[in-house]
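Inspection log for the structure reproduced underneath, given as structure tokens.
The values are calculated or read from the model by the stated rules, or taken from the named source; none is laboratory data. Source: prediction; values computed, not measured. Virtual Cβ from ideal backbone geometry, glycine too; neighbours counted across all protein chains shown. What goes into the accessible areas is simple: the full protein's heavy atoms, side chains included, and nothing from ligands, DNA or RNA. Shrake-Rupley method; radii C 1.70, N 1.55, O 1.52, S 1.80 Å.
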Amino acid sequence: MATPYTGDRVLGTNAVISESFAKRLTDLPAELLEHILCFRVLNHIDICNVSCTCKRLHDGCHGRGKVWAHQYKLRWPRLQRFYQQNESYDWLKEFKTRHVVGQQIRRTVESISKRFFTEVVNSFAEIDSLGAPEHFCEDELLGILNSDKRKCLTLKYYAKKILYFLRQQNILRNLKVFLERPPEQQSALEGAVLIDQYCNPLADTTLESISAQIEEITDKVKKYLRVKNATHPSLRVSQGDCFVLENLEFQRQVICALNAVLYDQLQYKGNERDYYNPLNSYIHQVLLRRTGIPISLSVLYMTLARKLGVPLEPVNFPNHFLLRWCQYQRRWDIYDYVYIDTFGKGKQLAAKECENLIRHQVGADYYSAISTGELLLRMVGNLLNIGKRGEGNEKSYQLLRDSLDLYLTINPDNVQYLLLQARLYFHLGIWPEKVLDILQHIQALDPTQHGAVGYLVQHTLEHIQHKRHPVEPEVKRHSAPEHRDVQYSVGLIMKHKRSGYNCVIYGWDPKCTMSQEWINTMRVHQLSKGADQPFYNVLVQDGTCRYAAQENLEPHSAPLEIAHPEVGRYFTEFSDTHYIANEELQSRYPEDMCKTHRTVEELYHGLNHNSGQSPEPTANFQDHDLLDP
């Protein structure tokens, strides 16, 4: 029997069930009673209250489970795909379990901000320790992320990180299972999807959705082929069938049809303008944008060709991935193949013509076919190189971390990348315990690395010791005499006078605290007040974090939201004109929110009341033709 609701709330319909009304309800047939109890205006608390009225209504609420099934579907519609229609479930039990998991998840997310505000979060063992069904955890996190856009920003920030982590762990498990299969059962497309999913865990890319899109292209190729040859054997093949065309002429017809559809009709092409964009490596983006790099286009092309009976093989050609197609029954040397350049609109090349693509000669080994595992290593290697070329911001570091995880899952004993992973974690100040494990593994694989390993071990141990005895954060108050020159406060939306970027302040110093090298590099001495003025930590609209001089900043004339991934780490809400700092940031700048509110009133609300015109900053600031420090 359900536990009576003892809170202050009454029925969601703001009505009390009278005795006479209850009697009339109890006289109704069970089916009609269940139908009434499934009205959308009733929520789970209402049903609990009704069920406690009498035994008849209790049986109506709990008897066949229809009422609680309705409540479950109403409250958590995303979870319906996990239940079979013909199966019977204890819906009250399912509802209670999901409700409890939701409460546990929210408490965990709320506690993370206090514990991890000053460091990067990397692992969420506490979520695993709940022992809750994975789909319940994910559904609650998605519920948090899909709530009011401008509010609960800190809660959403950590919910997103947890969801990112949980999905990546699941994808990594799927990749390991994939790699354990026999080579002939490893599909290049499935491997490419797993890489895509791991690097974009919040994108909801699935093998089923990608396969459906490829099947649509296959149908277009068949339609084109039917016009050219209505009796072609590939037209008689059903979806999912595996076959190989033995006749070389039939294979040629498929390749011609594939080129015509893919490059002429659908306008797929190599992305020459933005070659090093990581989106070129993600199969769902290749299908969406119809552009890619040689290896991603080759995976698509090879998958389509094999569906139509043409067995193409991947070739790990240096600097330009290719496919090869055998032209003869014999397969003795590299000259028995035609090489297909999918980046060049399916152009067919002889062996020696391939060297023109890279402008130097290569040995016969570079024309050999490779396994799916080797193909995936090259795909991940491309992403690794893009991450290395990045600007040192969070986005490039995340790509580097993700691609290293993938590479070392496929090839776990690569000393070069193990060392790179250890150095990356050390540089970012994250996972010191894991850094020690990686270094120990490196030392076992290659004792000659003892110099680099020893240096990292020493400094990682110091980091761990520092974490055990954390330094209390400095509390900065505007009222302190040494802070009298600080004009602005956290949460204000600013504009950089020289660079023109929009940003929000999340911290400040009364004087520049950067190294002399940074001061010289950024030419701070060219500022009218040099380094001897307040400097502000700002989150910039383009996703970067900068350190800007006070004289280079001014309040924004029309405050706007700053689309920076770290906004939720510091702020809990955007309030039209400014951001509201979360508890952790307010504890470090306890007087800033009051100052921010006063500034906002003076700059925007006062002008709005007086003139009804768009707000403009009231202070008189001078522009300086200076670099953004």
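Numbers at a glance
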{"item": "Cα centroid of the range 288-343 to Cα centroid of the range 442-462, whole Å", "result": "42"}
{"item": "Sequence-separation-based contact order of the range 93-180, relative, with Cα cut under 8 Å and 6+ spacing, percent", "result": "34"}
{"item": "Nearest-0.05 FRET efficiency for Asp542 and Lys347, computed from C-beta distance (R0 45 Å)", "result": "0.75"}
{"item": "Candidate aspartates and glutamates for bridging to Lys307, where Cα separation is under 18 Å - those fewer than 8 sequence places away on the same chain excluded", "result": "Glu184, Glu190, Glu208, Glu215, Glu216, Asp219, Asp241, Glu246, Glu249"}
{"item": "Carbon and sulfur %, accessible surface of the chain computed with the full protein complex present, 1.4 Å", "result": "49"}
{"item": "Check: the chain dipole with +1 on Lys, Arg Cβ and -1 on Asp, Glu Cβ, in debye", "result": "1280"}
{"item": "Selection from Ser234, Ile214, Tyr275 lying farthest towards where the dipole of the range 185-376 points positive, charges on Cβ", "result": "Ser234"}
{"item": "Cα-based Lys proximity count in the range 93-180, under 21 Å, for pairs eight or more positions apart or on separate chains", "result": "8"}
{"item": "Potential extension, Ala452-Glu374 segment - 0.36 nm per residue separation minus Cα distance", "result": "25.2 nm"}
{"item": "Amide H within-cut-off set for Thr291, under 5 Å, with H built and near neighbours excluded", "result": "Lys269"}
{"item": "FRET E, pair Lys511, Arg106, Förster distance 60 Å, beta-carbon r, rounded to 0.05", "result": "0.90"}
{"item": "Whole-number accessible area per residue in Å² for the chain, which is evaluated in the context of all protein chains at 1.4 Å", "result": "51"}
{"item": "Mean ellipticity per residue at 222 nm, deg cm²/dmol - from DSSP H runs of n ≥ 4 across the chain, formula -39500 (n - 2.57)", "result": "-15000 deg cm²/dmol"}
{"item": "Rough spin-label spacing in nm, given labels placed 7 Å along Cα→Cβ, for Glu472 and Gln327", "result": "8.0"}
{"item": "Protection-proxy order for peptides 160-170, 191-201, each taking the mean of Cβ atoms within 10 Å per residue, highest first", "result": "191-201, 160-170"}
{"item": "Length gained when the stretch Asp485-Lys388 is fully extended (0.36 nm per residue, less Cα-Cα span)", "result": "30.9 nm"}
{"item": "Long-range amide H partners of Met494 with built H, under 5 Å", "result": "Cys503, Val504, Ile505, His556"}
{"item": "Pairwise label distance in nanometres, Lys73 with Leu28, each label 7 Å out on the Cα-Cβ vector", "result": "1.8"}
{"item": "C-alpha center-to-center spacing [the range 403-438, the range 469-508] in angstrom", "result": "35"}
{"item": "Cα-based radius of gyration of the range 481-604 once divided by 2.2 N^0.38 Å, which approximates compact folds", "result": "1.01"}
{"item": "Net length gained if the chain between Leu202 and Arg64 were fully extended (0.36 nm per residue, minus Cα distance)", "result": "45.9 nm"}
{"item": "Cβ-derived FRET efficiency at R0 51 Å, Ile464 paired with Lys93, nearest 0.05", "result": "0.70"}
{"item": "Packing rank of 517-524, 277-284, where each peptide gets the mean count of other beta carbons within 10 Å, highest leading", "result": "277-284, 517-524"}
{"item": "Normalised contact order of the chain, rounded percent, pairs of Cα under 8 Å and 6 or more residues apart", "result": "10"}
{"item": "For the range 185-376: relative contact order, % (alpha-carbon pairs under 8 angstrom, 6 or more apart)", "result": "21"}
{"item": "Rg and Dmax [Cα atoms of the range 185-376; Å; Rg one decimal, Dmax integer]", "result": "16.1, 47"}
{"item": "Principal semi-axes in Å for the range 413-468 [√(5λ), Cα gyration tensor, largest first]", "result": "19, 11, 8"}
{"item": "Dipole axis of the range 413-468 (+1 Lys, Arg; -1 Asp, Glu on Cβ), positive-most option in His459, Ile438, Asn414", "result": "His459"}
{"item": "Inverse mean reciprocal Cα-Cα distance (Kirkwood Rh) of the range 303-414, Å", "result": "15.8"}
{"item": "Rounded D (µm²/s) - the chain, Kirkwood Rh over Cα pairs, Stokes-Einstein at 10 °C, 1.306 mPa s", "result": "53"}
{"item": "Label point distance in nm, Gln213-Leu266, each placed 7 Å from Cα along Cα→Cβ", "result": "0.9"}
